[in-house]
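Everything on this sheet refers to the single structure shown next.
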Amino acid sequence: MSKTLLKVSNLAKSFGSATALRDISFDVTAGEVVCIIGPSGCGKSTLLRCINHLTVPDSGFVEVAGDYIGREPKPGGKVRMQSHGEIDRKRPKMGFVFQQFNLWPHLSVLENIVKGPIKVQKRPRAEAEAQALTLLQRFGLRDKANMFPSSLSGGQKQRVAIARALAMGPELMLFDEPTSALDPEIVKDVLVFLRELADSGMTMVIVTHEIGFARHVADRVVFLDRGVVAESGPSNDVLSNPSNPRLREFLSQITSDQPTPRGASSSVAEPHIH
Ligand code: ADP
Ligand code: MG
C-alpha cells in the first residue's frame, strides 16, 4: 500500500481583494510525480509557496507524512499557528527549486550546497561536504565545486539548485517551472535529469508548461484554473482526453502536442520538447 506523503486540504490565499487560491485540495502518494499546469496567474506559484509555508495561507492545511506544516487544526475548529522555529525545522522535508534558481551569488557551488545542512541541520562540515561532493559527482558537476554561480550555465545552475535542495534530505521536491528560465537547447537536458530523479523514486510536484514532459513523466496532472483544481487525474487521461473546456483551450494554446490514444505512449525514451 502506498502512503500519502503530501496532503493539501482546502488551501486558500488572497492578496488584498485578489483571490489566488480559492479552495485547493489534492494528495500526493510517496514516489509519485504530479505535474501542476494552468494559465499564467492561476495560482501555481502561490500554491507551491503555501505548501512549504514561504507564503502563509489564509486557510486550509498542509501535511507532509502526517505532520502539519504552519497551520495545525485543533479541537473545536481552532487553528494553531506554529512558530517560525517549528516551521523552519519542518520546511527541509520539502526541497524547493525556484524558477530563477536563487543560488547565493557570493558563495561557491560547494558552499551553496553545504550551507543548509551545516546552519539549519547542524551537521558536521566534513560530512556535509562529503555529501555535497557525492551529489555533484552524480550530477556531473564535480569539477564546478569551487566555482561561483555566475560562471555556470543556466542548466548547471539549475542542477546545483536541485543538489542544494536534495542535500537537506527532503521527503519530496517542489519545482516551480524548472525549465522556463533556461535556453531552449538545455531545457531537454534538465527534463532528462528530472526524469532520472523521478525514476530514482523521489516524490515530486512540478509546475510546468512542458506538456510532453508531463505526459511522459508525471503519474498525475492537476489543472488549476481560477484558484481551484479544475481537473486532475492520470496524466494521459487528463492531457489526451480533457473534459474541462478551459483545459482543452489551455492545451491547444500552449502546445502543438497531439493527443495520443490512451495507453499508446509507452515510449519514454525522450521527453517531448516544445
Ligand atoms: P502563477 O504562478 O500560476 O502564474 P501566481 O501564484 O504567481 O500565479 O499568482 C496568482 C495570483 O496572485 C496572480 O493574480 C498574482 O498577481 C497574485 N499574487 C501572487 N503573489 C502575490 C503577492 N505577493 N502580492 C500580491 N499579489 C500576488
Ligand atoms: Mg508562477
Condition set surrounded by fewer than 22 Cβ atoms within 10 Å (Cβ to Cβ) and within 12 Å of ligand 1 (Cβ to nearest atom), scope the range 44-74, selection farthest from ARG22 (Cα to Cα): answer is LEU54
Can you say whether PRO184 is away from ligand 2 (no atom under 16 Å from the Cβ) and touching a residue at least 60 places away in the same chain (Cβ under 8 Å), as far as the supplied structure shows? yes
Review point. Does any residue of the range 156-178 turn out to be among the aromatic types (Phe, Trp, Tyr), in contact with an Asp or Glu (Cβ under 8 Å, 6 or more places away or on another chain) and within 16 Å of ligand 2 (Cβ to nearest atom)?
Key: no
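So that you can scan it fast, the table gives a plain yes or no per residue for (1) buried (at least 18 other Cβ atoms within 10 Å of the Cβ); (2) touching a strand residue (DSSP E or B) at 6+ places or on another chain (Cβ under 7 Å); (3) over 26 Å from SER25 (Cα atoms):
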{"site": "SER180", "(1), (2), (3)": "no, no, no"}
{"site": "ASP183", "(1), (2), (3)": "no, no, yes"}
{"site": "SER200", "(1), (2), (3)": "no, no, yes"}
{"site": "THR208", "(1), (2), (3)": "yes, yes, no"}
{"site": "ALA214", "(1), (2), (3)": "yes, yes, no"}
{"site": "ALA218", "(1), (2), (3)": "yes, yes, no"}
{"site": "PRO234", "(1), (2), (3)": "no, yes, no"}
Do we find a residue being in contact (Cβ under 8 Å) with a residue 60 or more places away in the chain, assigned to a strand (DSSP E or B) and open to solvent by 60 Å² or more (accessible area, probe 1.4 Å) anywhere in the range 22-34?
yes
With the first residue restricted to the range 244-257 and required to be at pLDDT 90 or above, and the second required to be of a type in the set (Asp, Glu), Cβ contacts under 7 Å at 6 or more apart or on different chains are ASN244/GLU231; ARG246/ASP225; LEU247/GLU231
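So that you can scan it fast, the table gives a plain yes or no per residue for (1) within 25 Å of GLY60 (Cβ to Cβ); (2) basic (Lys, Arg); (3) in a helix (DSSP H, G or I); (4) modelled with pLDDT under 90:
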residue	(1), (2), (3), (4)
VAL205	yes, no, no, no
HIS209	no, no, no, no
ASP237	no, no, yes, no
HIS272	no, no, no, yes
Within the range 113-143, the residues that are open to solvent by less than 70 Å² (accessible area, probe 1.4 Å) and of a type in the set (Val, Ile, Thr) are ILE113, VAL114, ILE118
By residue number, the members of the range 39-57 that are small (Gly, Ala, Ser) and either more than 8 Å from ligand 2 (Cβ to nearest atom) or free of Cβ contacts under 8 Å to residues at least 24 places away in the same chain (or both) are SER40, GLY41, GLY43
Expected output for the range 189-201 (first residue in a helix (DSSP H, G or I), partner charged (D, E, K, R) and open to solvent by less than 40 Å² (accessible area, probe 1.4 Å), Cβ below 9 Å, 6+ apart or cross-chain) is LEU191/GLU210
By residue number, the members of the range 80-109 that are of a type in the set (Val, Ile, Thr), away from ligand 1 (no atom under 16 Å from the Cβ) and modelled with pLDDT under 95 are ILE87
Note on PHE101: of the conditions (1) within 16 Å of ligand 2 (Cβ to nearest atom); (2) open to solvent by 40 Å² or more (accessible area, probe 1.4 Å); (3) over 22 Å from GLY70 (Cβ atoms), unmet is (2)
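The values are calculated or read from the model by the stated rules, or taken from the named source; none is laboratory data. Treat the numbers as computed from the prediction; the structure is a model and nothing was measured. Because the Cβ atoms are built from the backbone with ideal geometry, glycine has one as well, and the counts that use them run over all protein chains shown. Ligands, DNA and RNA are stripped out before the accessible areas are found, and what is left, the full protein with its side chains, is counted by its heavy atoms. Shrake-Rupley method; radii C 1.70, N 1.55, O 1.52, S 1.80 Å.
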